[in-house]
């Protein structure tokens, strides 16, 4: 790639895809801060690994967005 704006565009598209996959598709709806602690514990016991994978993918998306500038 000899043109820098193409790389920026590809990384921008990669960020959007990883943001939606990691943030919304995998993590789903996590409990809010005012939910009872039993519900929060139950959520992270059942879906904790899925939440962490989504968080990791979301972090990769932010790496792509920061490498554009």
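A short reminder: the numbers here are calculations on the coordinates, not readings from a lab. It should be emphasised that the depicted structure is a prediction, and the values quoted were computed from it without experimental measurement. Ideal geometry is used to build each Cβ from the backbone, glycine not excepted, and the neighbour counts take in all protein chains shown.
Remark on the stretch 15-67: ratio of C-alpha radius of gyration to 2.2 N^0.38 Å is 1.26.
By the count of neighbouring beta-carbon atoms within 10 Å, fewest first, 21, 63 end up ordered 63, 21. In this simple spin-label approximation, residue 25 and residue 6 carry label points 7 Å from Cα along the Cα→Cβ vector, and these lie 2.6 nm apart.
Listed from fewest to most Cβ neighbours within 10 Å, the set 44, 15 follows the order 44, 15.
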